[in-house]
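The values are calculated or read from the model by the stated rules, or taken from the named source; none is laboratory data. Keep in mind that this is a model prediction, so the values were computed, not measured. Cβ sites come from the backbone with ideal geometry, for glycine too, and all protein chains shown count toward neighbours. What goes into the accessible areas is simple: the full protein's heavy atoms, side chains included, and nothing from ligands, DNA or RNA. Shrake-Rupley method; radii C 1.70, N 1.55, O 1.52, S 1.80 Å.
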Amino acid sequence: MQVLAGSASKPFATALAADMAAPLVDADIRRFPDGEAYVRVLGDVRGTDLAIVQATTPDAHLVEMLLLADAAREAGARRLTAVVPYLGYARQDRAFAPGEAVSSRATLRALASGFDRLVTVDPHKPDVLRFFGDADAATAVPQLAAELARWGIDLVLAPDKGARDRAEAAARLAGVPVDHMEKTRLSATEVRMAAKELDVRGRRVAIVDDLIASGGTMATAALQLKAQGATQVYAACTHGVFTDDAVPRLLGSGIDRLLATDTLPHRPGCHTVSAAPAVAGLLRAQIPPRL
Ligand code: R5P
């Protein structure tokens with residue numbers, strides 16, 4: 001396999017290629033003054049099994065990914081794998097109101113028009129992968145759990161019941177108990193969030209979620225956990241989307257440390273572990289045996 005880096009995911013592609021001992025293919029990727037993408041595959045990809053690595057957010061990166069597939073196919077690549085460290089639009093898996101686009105379906109169908117298979121990391125709704133077809137998800141939870149264990153956490157919390165499976169896996173790997181948080185509305189303006197069963201007093205708590213965007217979920221949880229006596233609150237996620245000033249805001253809202261993987265660019269103030277070994281493991285397991 002050879003690896004080609006899209007402009008959104010160069011460090012991730014480099015880590016992936018190193019882990020797989022696979023060559024990196026050169027490409028010229030630029031933007032025209034009007035913002036449109038120009039891509040040209042420079043390396044020899046004839047007959048290769050080529051992984052093109054690109055997070056598909058913001059939207060321009062999705063278009064660049066489609067152009068890279070077109071260029072690589074024309075240049076003779078035999079099999080194209082879209083390695084999408086962060087899969088944009090994975091949260092809209094259905095029309096919640098009549099007339100809405102099912103954005104995950106639209107974007108995954110577009111990717112399926114250019115790629116033979118797709119590998120991503122911890123998609124918000126794994127079910128959306130059916131819109132692509134031959135697609136798999138790796139998980140970075142072991143990498144997050146190993147780091148959290150090094151930080152000496154006492155328990156893992158899911159921010160809500162829906163995120164419990166991921167938190168359970170992290171807790172099992174870190175060797176600590178798990179619980180999820182429940183919201184109780186106290187008044188029109190007040191919400192109480194607390195662990196459903198466990199007492200957080202005097203404990204170092206890690207909240208584990210698939211992604212942090214505005215940071216609103218984590219900040220609310222952290223403030224409440226601190227008020228309930230948690231000594232340290234860590235927020236961990238696979239995808240650090242971090243809109244606007246989410247990182248400083250979180251660090252000023254009771255979160256003592258932030259942890260994310262490298263599926264999206266590194267943000268100062270946030271500790272990072274690499275999800276590339278998880279993707280490499282999945283790709284290696286899928287390489288057909290030589291006859
Ligand atoms: C929601 O379903 C996700 O798992 C995250 O909990 C959510 O998207 C985080 O968003 P924010 O950081 O804006 O609260």
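With the charge dipole of the chain set up from +1 on Lys and Arg Cβ and -1 on Asp and Glu Cβ about the Cα centre, the Cα lying farthest toward the positive end among the listed residues MET20, ALA206, ALA37 is that of ALA206.
So, counting K/R as plus one and D/E as minus one, what does the shell of residues with Cβ under 13 Å around ALA222 add up to?
That sum, taken over residues with Cβ under 13 Å, equals +2.
For the range 127-277, rounded, prolate or oblate, judged on the Cα gyration tensor with a ≥ b ≥ c (square roots of eigenvalues), a/c < 1.5 rounded, else prolate if a/b > b/c? It is rounded, given that a/c, with a ≥ b ≥ c, falls under 1.5.
A simple count of charges around THR231, restricted to other residues whose Cβ falls under 12 Å of its Cβ and scoring Lys, Arg +1 and Asp, Glu -1, yields +2. Once the Cα-Cα distance is subtracted from the 0.36 nm per residue extended length, the SER214 to LEU42 segment shows a gain of 58.1 nm. Rounded, prolate or oblate, given the Cα gyration tensor of the range 171-248, with a/c below 1.5 counting as rounded? Taking the square roots of the gyration eigenvalues as a ≥ b ≥ c, the range 171-248 is oblate. In this simple spin-label approximation, ASP70 and ARG130 carry label points 7 Å from Cα along the Cα→Cβ vector, and these lie 3.1 nm apart. Counting only alpha carbon atoms, the long axis of helix 10-20 and the longest principal axis of the chain meet at about 80°. Put a dot 7 Å past the Cα of ARG284, heading toward its Cβ, do the same for ALA21, and the two dots end up 1.0 nm apart. For the chain, the solvent-accessible area with a 1.4 angstrom probe is 46 square angstrom per residue. Take every DSSP beta bridge whose two residues both sit in the chain; close to 20 percent of them are antiparallel.
Coordinate range of the alpha-carbon atoms in the chain per principal axis, descending: 60, 44, 34 Å. Computed about its Cα centre, the charge dipole of the chain is approximately 420 debye, with only Lys, Arg, Asp and Glu carrying charge at their Cβ. Under the shape rule built on the C-alpha gyration tensor, where the axes satisfy a ≥ b ≥ c, the range 229-291 is prolate, since a/c reaches at least 1.5 and a/b is greater than b/c. Quick one: net charge of ALA60's neighbours, Cβ under 13 Å, K/R +1, D/E -1? Overall, the nearby charge balance is -2.
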